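Student: What follows is a structure written as structure tokens; I'll ask about it next.
The values are calculated or read from the model by the stated rules, or taken from the named source; none is laboratory data. Computed from a prediction, not measured in an experiment: that's the story for all the values here. For neighbour counting, all protein chains shown are included, and Cβ atoms are generated from backbone atoms with ideal geometry for every residue, glycine included.
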């Protein structure tokens, strides 16, 4: 089983420039899949999560086309194969 | 020459001619193999020392046994002719293979790994190529890359860098500057010393050309090409070039050697990572020019800092800028923007010890980080793990770093950060690791502090230079707290400060302090700009008295002190809590020279009509020079400065994003600099250093 992560441009400094990272994955939740990503690319973690283990306010995580905010959060099960996308919120005003 | 014997090689046929000489196919009669022999022309304007060093380099290069380096078998002289015997390489040059459209990314990566590997071996032996280019890289029909002319490039004739290019297919037309200049790094054009990192620049040019068929820096004349190399950034390579490869090329083509990869093996590893990882290679586009352009280029200018320069650090809602000037502070070079799109709420210049370090806090969707630069912004740390983090048991998470405060000069590894949610962090190892100061975080008042408009921020940290155990912090909205035991315990020090928004107007704590300042020459004295109210304390914050005598409004944000005169303070009053803009549309700084007994407006050169400006709490600072300079930035992105204590003002810059923070420092010869971040970061030695003139100035002030 494998999971592919789509990495936004702002974080590619921590994935050796890769836009996608494909990892072997033994199955489980989004938390499990992200843990595998943190092991492979440690710099990504603190950009996506705060120190209390919550996804940052303006960052969205999608499994396939679904935002995990509406599918059970980090406990969402990851089907095989999956594309997990890390997406900064489209917001403005500043 | 045909039929002649050079050493033990019989010349068979001429196979090419270049600017410096002729290349022949020859047969090594001793070892029975085909070889190439380059005979350097007598008129190749080599003086005797150049000739000697060419010989020496060729001999050194002959020791490079590597599958991707064209082996040099022998060098020698015959009747004054210098000749080099080398491996005969048959294939096509990378220049030819790249053609006009470039190679497939897979091929670029495959060749790039081999070139980087060759450079790695040579650099390990202390040999720099100095003239790497697609014309002297040959790819054999089996796909093996051979880098030619290692260590043979030397300065010849009038100082023009030229290689005795040997490639069979590229000998023609490679003489002179045109074949080489596009691969020269900026440091070589500047006349600085070149090293192995210059080869990594050339590797970036080679990879760019191999991937696109174009040179990254072009031009019709040598001047245009040089100008492009020095100043321009190359057009981005989009699909089918994978982003990882483009990132590697960009890093090779960093203008400053320090910003590039430092070793060829790093480039090799990065290319291999792109090669082996499961990277999505987008389908090649039939017509690249028709693709939507979504790549945004960040143009960052760097300022070159010299000894005795004066630097002004400006943090905005969308990045930081570094300005430099000399002690006159009239003309400014502007560097930046650094940290594109990120808010920079705090900056500091740290010259303690032997360092010349800039500190910056950056904040975006991706979190808040403390970063530093030891080369005035050319490169910044970007730690994998955020070093300032709340412990798990607090349940809190870092929102912003409002203040970076340097520890005492004799403790150069000590630093403090005031953060949001209100807390104080301390580092004792120059920012490597940080710990939450529990004495303040566990204070029984903390649950009753209330966030102000900017969040619940601990925005001011002041150290008492006469007593290392004493520190002050200011919290919006929590008020002033002081420790007398180095941070173990803290007491609220707000007697006399109003809190108009509270049912009780003079509570023990909960005041919305906007900024506080301390004078190192008189550290028991503090000044404070409150959310309504200007105050002074002469007893370490035990009691505060209202000093808003003659200001148009006692609402405002910054309060900064004169570096030498503890009676002289600057503030920028704004109209009402709701409006928060300069009173009557007139931008005026107010100064007191009698510790708040009276205030005078300073406005010459500042806009006095329809100037509805706001100066935020950290967006004002004073320098240490004589006469004193004062600088402030506005929410509308204008930066103003005065180099004569506030008498005359000029607009230094306009059109910046909202200015959040202004700091300054002097790059002194011994690395020592005076930094005056609203007087909160004075060090012992800076006060000592300015002590003599401080007394003189005070006397003068009294006379006036």
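Student: Which of the residues that make up the stretch B:585-616 are over 18 Å from residue B:639 (Cα atoms) and either touching a strand residue (DSSP E or B) at 6+ places or on another chain (Cβ under 7 Å) or assigned to a strand (DSSP E or B) (or both)?
Tutor: Within the stretch B:585-616, the first condition is being over 18 Å from residue B:639 (Cα atoms), and the residues that meet it are B:591-601.
Passing the criteria: B:591, B:592, B:595, B:596, B:598, B:599, B:600, B:601.
Student: Among the residues of the stretch B:374-384, which ones are facing another protein chain (nearest Cβ under 7 Å) and either modelled with pLDDT of 90 or more or crowded, with 17+ Cβ neighbours inside 10 Å (or both)?
Tutor: B:382 - this is the single residue of the stretch B:374-384 that is facing another protein chain (nearest Cβ under 7 Å) and either modelled with pLDDT of 90 or more or crowded, with 17+ Cβ neighbours inside 10 Å (or both).
Student: So how many residues does the stretch B:623-652 have that are assigned to a strand (DSSP E or B) and surrounded by fewer than 19 Cβ atoms within 10 Å (Cβ to Cβ)?
Tutor: First, pick out the residues of the stretch B:623-652 that are assigned to a strand (DSSP E or B): B:630-633, B:639-642, B:650-652.
Narrowing the set further to residues that are surrounded by fewer than 19 Cβ atoms within 10 Å (Cβ to Cβ) leaves B:650-651.
Matching residues across the stretch B:623-652 total 2.
Student: Among the residues of the stretch A:22-35, is there at least one that is modelled with pLDDT of 95 or more and either assigned to a loop (DSSP other than H, G, I, E, B) or within 7 Å of another protein chain (Cβ to nearest Cβ) (or both)?
Tutor: Within the stretch A:22-35, none of the residues are modelled with pLDDT of 95 or more and either assigned to a loop (DSSP other than H, G, I, E, B) or within 7 Å of another protein chain (Cβ to nearest Cβ) (or both).
Student: Being under 21 Å from residue B:70 (Cβ atoms) and surrounded by fewer than 20 Cβ atoms within 10 Å (Cβ to Cβ) is the filter here, so list the residues in the stretch B:99-112 that pass it. Full working, then the answer.
Tutor: Taking the stretch B:99-112 first, the residues under 21 Å from residue B:70 (Cβ atoms) are B:103, B:107-108, B:110-112.
Matches in the stretch B:99-112: B:107, B:110.
Student: Please work out which residue is farthest from the other protein chains (Cβ to nearest Cβ), limiting yourself to the stretch A:1-13 and to residues that are more than 13 Å from the chain's Cα centre (by Cα) and touching a residue at least 24 places away in the same chain (Cβ under 8 Å).
Tutor: A:1
Student: Being surrounded by fewer than 24 Cβ atoms within 10 Å (Cβ to Cβ) and at pLDDT below 60 is the filter here; which residues of the stretch B:127-161 pass it?
Tutor: Those that are surrounded by fewer than 24 Cβ atoms within 10 Å (Cβ to Cβ) and at pLDDT below 60: B:153, B:154, B:155, B:156, B:157, B:158, B:159, B:160, B:161.
Student: Do we have any residue at all in the stretch B:459-473 that's touching a strand residue (DSSP E or B) at 6+ places or on another chain (Cβ under 9 Å) and either modelled with pLDDT under 95 or not assigned by TED's automatic domain parsing to the domain that holds residue B:578 (or both)?
Tutor: Kept after step one, since they are touching a strand residue (DSSP E or B) at 6+ places or on another chain (Cβ under 9 Å), are these residues of the stretch B:459-473: B:459-467, B:469-473.
Still in the list and also either modelled with pLDDT under 95 or not assigned by TED's automatic domain parsing to the domain that holds residue B:578 (or both): none.
So far as the stretch B:459-473 goes, no, none of its residues is touching a strand residue (DSSP E or B) at 6+ places or on another chain (Cβ under 9 Å) and either modelled with pLDDT under 95 or not assigned by TED's automatic domain parsing to the domain that holds residue B:578 (or both).
Student: With respect to residue A:17, determine if the residue is surrounded by 13 or more Cβ atoms within 10 Å (Cβ to Cβ) and touching a helix residue (DSSP H, G or I) at 6+ places or on another chain (Cβ under 6 Å). Before you say what the answer is, go through the steps one by one.
Tutor: Numbers: surrounded by 13 or more Cβ atoms within 10 Å (Cβ to Cβ): yes; touching a helix residue (DSSP H, G or I) at 6+ places or on another chain (Cβ under 6 Å): yes.
It is true that residue A:17 is surrounded by 13 or more Cβ atoms within 10 Å (Cβ to Cβ) and touching a helix residue (DSSP H, G or I) at 6+ places or on another chain (Cβ under 6 Å).
Student: Would you mind stating whether residue B:342 is free of Cβ contacts under 8 Å to residues at least 60 places away in the same chain, closer than 28 Å to residue A:9 by Cα and not assigned by TED's automatic domain parsing to the domain that holds residue B:665?
Tutor: Working: free of Cβ contacts under 8 Å to residues at least 60 places away in the same chain: yes; closer than 28 Å to residue A:9 by Cα: yes; not assigned by TED's automatic domain parsing to the domain that holds residue B:665: no.
Spelling it out, it is not the case that residue B:342 is free of Cβ contacts under 8 Å to residues at least 60 places away in the same chain, closer than 28 Å to residue A:9 by Cα and not assigned by TED's automatic domain parsing to the domain that holds residue B:665.
Student: Looking at B:465, B:507, B:503, which is the one that is farther than 27 Å from residue B:389 by Cβ, in contact with a helix residue (DSSP H, G or I) (Cβ under 6 Å, 6 or more places away or on another chain) and part of a loop (DSSP other than H, G, I, E, B)? Spell out how you get there, then give the answer.
Tutor: On the way: B:507 fails: in contact with a helix residue (DSSP H, G or I) (Cβ under 6 Å, 6 or more places away or on another chain); B:503 fails: in contact with a helix residue (DSSP H, G or I) (Cβ under 6 Å, 6 or more places away or on another chain).
Step by step, each of B:465, B:507, B:503 is checked, and only B:465 is farther than 27 Å from residue B:389 by Cβ, in contact with a helix residue (DSSP H, G or I) (Cβ under 6 Å, 6 or more places away or on another chain) and part of a loop (DSSP other than H, G, I, E, B).
Student: Say we look at the stretch A:42-57 and pick out the residues that are in contact with a helix residue (DSSP H, G or I) (Cβ under 9 Å, 6 or more places away or on another chain) and not in a helix (DSSP H, G or I); which of these is farthest from the other protein chains (Cβ to nearest Cβ)?
Tutor: A:55
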